[in-house]
């Protein structure tokens, strides 16, 4: 990592000379004419190291220029004490156009680069920061066919012919809405219009003001994901250092940045969606209505989307997680009181504000602050634990996950004197596994024993080591994002839109029928019309309303997987296997 450290120091020292985002003439002489397609297999070791150094310094220049752009743009033409500015992500001015995934690292490097010329910065650089830079550089060199193996040293292979690190980002965003109900950006634009229309229906201007503002902030932030060229055009810093070969080299030439930026974005989308659902009572209300229509046989076939939502979020939507089979109106009223009674949402927002002030923007979206929708995706569960898998309590683990099955296999087995059989000790995880997997004691014990037999023979003792645990939960992450059981890979903004569209279809049908209950509830001056109307329908069992609503549900054929960010969903068993360090590379590579 010494090369990475030296290149970071040299970059910071050079940047300090002008602090304008332009390299010095001596540095330009070192990094000019850099070619991303340089033939590494025909190069000398010295040429390869020079090529890697030029990439590192060019990329760091782009990183600092883009990261600092909001502050520099604001102070254009003015004298600024750049060395005294708070360049950390706590500065909300910087956070607005933050480079997702690299906020902390971007703040650290920018702070080093913005010091006065001659400032000693070498002792300010910590080892983990150098390691982070090394990961960024290694990810790029690997994409060009140059990797370093523990046993083999430097390995050179022909680079992939078609590799675009921004591909998954563009699928996630779908900027031009080319793929229907999947893209994040078009869904946010439509959601803004629907929330504004909802304010008009309820005659309550400003009712969704907090959400309308934050949605626009998220939209602007995600618009910067994978692209920075528009920022170069709008502020005083020069064009990208990679502009001779790549229009947006900061992203196009950094698989690492694309990966961590997308990971952060997927996580933020899930957190924000759950916070939104925790505030919009219509989501919970519509699923209660769906349950009643199914239980009372108004629906002849289940609606796949609502059936999935009901099962996935039962603990968030129903009191004690128990799906009711009678007393539908009172049960819904109880849930609405528990989550939306006067003052409860305001108290929750106050806690969010405190968390944001004390611990930063991300803390304000902590799922534990929600009143109902607290269920974590596997990606969030493992990241919140800082990848210390052993520290995750059993009650937060999904029984179906790889980690869940591992914990079940490690559960103590006890002898039942009445049956003469061994069973697993009745823990919370074991109880939930039997319910969710629909198995009895014997079947779950057999599954646990099979899991124990499948564990790697190389580890000693009853516990997997850290690396083995991470390899195990890799399957859970794959399933969570793009596998057969996605949570993080679902666009809940589009689902919100679909739910609101379905309610509007109720209104269209009942308005056409001139239904008396609908007409009464939606007259001018009535508060919370949409939620209160469904509560009345469930309590009064208005037959015409229920038939019309059931018809609308029946015509809605969407399923949960219609709202995935990535269409090529697969099973964890099909997850790409990168192989081991000792795996033969055949005749396609050479060693330095």
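Annotations for the structure displayed:
- Look at where the Cα atoms of segment 456-526 and of segment 416-441 average out, and the two centres are 29 Å apart.
- FRET efficiency, residue 325 to residue 123 (Cβ-Cβ, R0 45 Å, nearest 0.05): 0.10
- For the chain, the longest principal axis of the alpha carbon atoms and the long axis of helix 428-437 meet at an angle near 70°.
- Relative to the longest principal axis of the Cα atoms of the chain, the long axis of helix 45-67 lies at roughly 50 degrees.
- Mean Cα-pair separation over length for segment 387-480, i.e. relative contact order, pairs under 8 Å, 6 or more apart, %: 33
- The angle separating the long axis of helix 209-223 from the principal Cα axis of greatest extent in the chain is about 40 degrees.
- Here the extension length gained between residue 501 and residue 204 equals 105.0 nm, from 0.36 nm per residue of separation less the Cα-Cα distance.
- Label-to-label distance for residue 468 and residue 532 is 6.1 nm, based on points extended 7 Å past Cα in the beta-carbon direction.
- Helical mean residue ellipticity (222 nm; -39500 (n - 2.57) per DSSP H run of 4+; nearest 500) of the chain: -17000 deg cm²/dmol
- Short-range pairs are left out: with C-alpha atoms under 8 Å and at least six residues apart, the relative contact order of the chain is 17 percent.
- Scattering from segment 360-500 was approximated by placing one identical point on each alpha carbon and applying the Debye formula without solvent; log10 I(q)/I(0) at 0.10, 0.11, 0.17 1/Å stands at -0.42, -0.50, -1.05.
- In plain terms, the chain from residue 314 to residue 164 could stretch by 50.1 nm, reckoned as 0.36 nm per residue minus the Cα-Cα distance.
- Cα gyration tensor category, rounded, prolate or oblate, for segment 419-500 with a/c compared to 1.5: oblate
- If a spin label sat at a point 7 angstrom from the Cα of residue 431 along the line to its beta carbon, the backbone N atoms of segment 370-405 nearer than 15 Å would be those of 394-397, 399.
- Residue 217 paired with residue 296, simple spin-label distance in nm, labels 7 Å along Cα-to-beta-carbon: 4.2
- Paramagnetic label zone (point 7 Å from Cα along Cα-to-C-beta, residue 39; backbone N under 15 Å) in segment 142-170: 157-159
- Near-label residues of segment 358-394 by backbone N, under 16 Å of a point 7 Å along Cα→Cβ of residue 454: none
- Gap separating the Cα centres of segment 1-78 and segment 341-389, nearest whole Å: 38
- Calculated FRET value between residue 3 and residue 388, using beta carbons and R₀ = 25 Å, to 0.05: 0.25
- Global form of segment 257-389, assessed from the alpha-carbon gyration tensor, a/c cut-off 1.5: oblate
- Column: log10 I(q)/I(0), Debye, Cα scatterers of segment 92-189, q = 0.10 Å⁻¹: -0.50
- For the chain, the spherically averaged projection of the C-alpha convex hull amounts to 32.6 nm².
- Taking the alpha carbon gyration tensor of segment 2-157, multiplying each eigenvalue by 5 and rooting it gives semi-axes of 30, 17, 14 Å, largest first.
The numbers here are math on the coordinates, done by the rules we state, and not lab data. These numbers were taken from a predicted model, which means no experiment stands behind them. Cβ coordinates were reconstructed from backbone atoms using ideal geometry, including for glycine residues, and neighbour counts include every protein chain displayed.
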